[in-house]
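> Okay, here's the structure, questions in a sec.
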Amino acid sequence: MNRILLSASLFPLFLPGMALAHPGHIGGDVFAAGIGHPLGGADHVLAMVAVGLWAALMGGRAMLMLPLAFVTAMLVGGLAGAAGLPLPGVEPMILASIVALGAAAALALRPALAHAMAAVALFGLFHGHAHGAEGPAAGLALYAAGFALATIALHLAGVGLGLGLIRLSRATVVRGLGGVTAVAGLALAIAG
């Protein structure tokens, strides 16, 4: 069972077309564009996998509730972005999410579940706004379904990887991956 979970969680990392993240690159298929958007940017991939790593380290209900909080807030943010509603600091908050979520995993933070969900939801709102603002004018529902599905897959990849390593008594490796994620977020911020 552990091998199946680990294999399934790593599947999204091997999906084709990961570099085709932005609409217009996938020949008008808005669902595929929605899937491609979060998979095509290191900022999105790092943050979403970090949610899964942190959730795995927290264990229990966090493994469901952190991804659910992120995806729910991301969809709300996506609607706001598609509607053209302003949200200041979208790109800085996306970069901050990578650092903060990676650090939360690296430090194996265990705040109250409601607090962790609120933090994850805040970052999800900003990621969603970016997805929605860059989304297509027509076919928003299919696009949103695509980016929600890809996001869930990335969260599951993080949870599965984290659980697999924890079950192998490698929780320190999971924490190390969180640290690498935080450093990658800092590097992206400096490069940007």
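The values are calculated or read from the model by the stated rules, or taken from the named source; none is laboratory data. As the structure is a computational prediction, the values presented were derived from the model and not from experiment. All Cβ positions, even for glycine, are placed from backbone atoms using ideal geometry, and neighbour counts span all protein chains on display.
> Tell me which helices (runs of 4 or more DSSP H) are completely within region 1-104 and hold 1 or more residues being crowded, with 24+ Cβ neighbours inside 10 Å, touching a His at 6+ places or on another chain (Cβ under 8 Å) and at pLDDT 90 or above, or say none if there are none.
30-39, 42-58, 62-82
> Ok, one more. Can you name the residue in region 167-177 that is of a type outside the set (A, V, I, L, M, F, W, C) and without any contact (Cβ under 8 Å) to a residue 24 or more places away in the chain and is also nearest to residue 83 (Cα to Cα) among such residues?
The extreme case among them is 172.
> Looking at region 145-192 only, could you name the residues that are outside any helix (DSSP H, G or I) and farther than 29 Å from residue 75 by Cβ?
Hits for region 145-192 are 168, 169, 170.
> Please go through region 105-139 and give me each residue that is assigned to a helix (DSSP H, G or I), of a type outside the set (A, V, I, L, M) and more than 14 Å from residue 76 (Cα to Cα), ordered by number.
Residue satisfying the conditions is 115 alone.
> I would also like to ask the following. Can you pull out every residue in region 178-192 that is of a type outside the set (Val, Ile, Thr) and crowded, with 20+ Cβ neighbours inside 10 Å?
178, 182, 185, listed by residue number.
> Residues of region 131-166 being aliphatic (A, V, I, L, M), under 16 Å from residue 40 (Cβ atoms) and either in contact (Cβ under 8 Å) with a residue 60 or more places away in the chain or crowded, with 24+ Cβ neighbours inside 10 Å (or both), which ones?
Scanning region 131-166 gives 148, 149, 150, 153, 154, 157.
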